[in-house]
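Just below is one structure, and these are the notes that go with it.
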Amino acid sequence: MSVVIVNYNAGNVQSVTDALNRLGVQPVISSDPEVIASSDKVIFPGVGEASTAMSFLKERKLDKVIQGLKQPVFGVCLGLQLMCRHSEENNTECLGVFDIQVRKFEPKLKVPQMGWNTLTNMNSPLFEGLPENPYVYFVHSYYAELSNKTVATTDYVNPFSAALQKDNFYALQAHPEKSGKVGEKILENFLKL
C-alpha cells in the first residue's frame, strides 16, 4: 500500500511521518501531482495559515488534484479547514470538498484552543474500536461549522465539526499524530479504508 503525505509547506509532515512509521508504514512525502494521484491513500496534514497554504496549492495545481482524488483522503487540522468552502482566516476561498464555512472562535475562552478535548457523536469508520468520548489533541483558532457532513463534534466556545466525511474524503480537526493511542487508532482505521 502506498501512502503519500501532501507536502505544501504547511507544517507537521515529520510528526505525521513518525506516527505512520510507528504503524509500520513508510509514507512518501510529495507535492508532485502524479505521485499524489497514483497513491493508494493520501494524507493532507497542516499547521499554518489558510491563504498562504491555498496560494501554494493553487500555484502547483494541487487544488485540482486534491479535489479530483478518488482514493481515501485524510485531512488533518489545517487540512480539514482547507477542504471546506471558505475560511474567515484572511477571507480565503478553499477547496470546497465540504460545503462548510470555517469561522474564527469568539474569544470567550483562550484562543487558540490548545490541548486535549473530547470527540462526541462519532459516526465514521475512522472511530471504530475507540472508547466513548475519547480525548484527542487540538491546536486551532478556527473551526468548521456543524453540517450534515459532521461525523464527530467537539465543544469549545461552541460545538463544532471535529471530523467531517464525504465520499472518500475524511478530515479531523485534532492532531492524531499527537493524540497517543487514540490518534494511532484513528490513523490505523484510515489506513484500513
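The values are calculated or read from the model by the stated rules, or taken from the named source; none is laboratory data. Note that the structure is predicted; figures quoted are calculated from it, not measured. For neighbour counting, all protein chains shown are included, and Cβ atoms are generated from backbone atoms with ideal geometry for every residue, glycine included. The area values use the complete protein model at the heavy-atom level, side chains included, leaving out ligands, DNA and RNA. Shrake-Rupley method; radii C 1.70, N 1.55, O 1.52, S 1.80 Å.
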Given the structure, is Leu109 modelled with pLDDT of 95 or more, touching a strand residue (DSSP E or B) at 6+ places or on another chain (Cβ under 9 Å) and not basic (Lys, Arg)?
no
So which of Asn117, Asn123 is touching a residue at least 40 places away in the same chain (Cβ under 8 Å), farther than 16 Å from Glu188 by Cα, of a type in the set (S, T, N, Q) and out of contact with any Leu (no Cβ under 8 Å at 6 or more places or on another chain)?
Asn117
Restricted to the range 66-109 and to residues being farther than 16 Å from Ile36 by Cα, charged (D, E, K, R) and open to solvent by 30 Å² or more (accessible area, probe 1.4 Å), the residue farthest from the chain's Cα centre (by Cα) is Lys108
Limited to the range 33-56, what total is found for residues that are open to solvent by 50 Å² or more (accessible area, probe 1.4 Å) and not in a helix (DSSP H, G or I)?
3
Residue count, the range 136-193, condition of a type in the set (A, V, I, L, M, F, W, C), open to solvent by 30 Å² or more (accessible area, probe 1.4 Å) and within 14 Å of the chain's Cα centre (by Cα), comes to 1
From the list Lys58, Lys64, Lys104, pick out the single residue that is basic (Lys, Arg) and either under 24 Å from Asp155 (Cα atoms) or touching a helix residue (DSSP H, G or I) at 6+ places or on another chain (Cβ under 7 Å) (or both).
Lys104
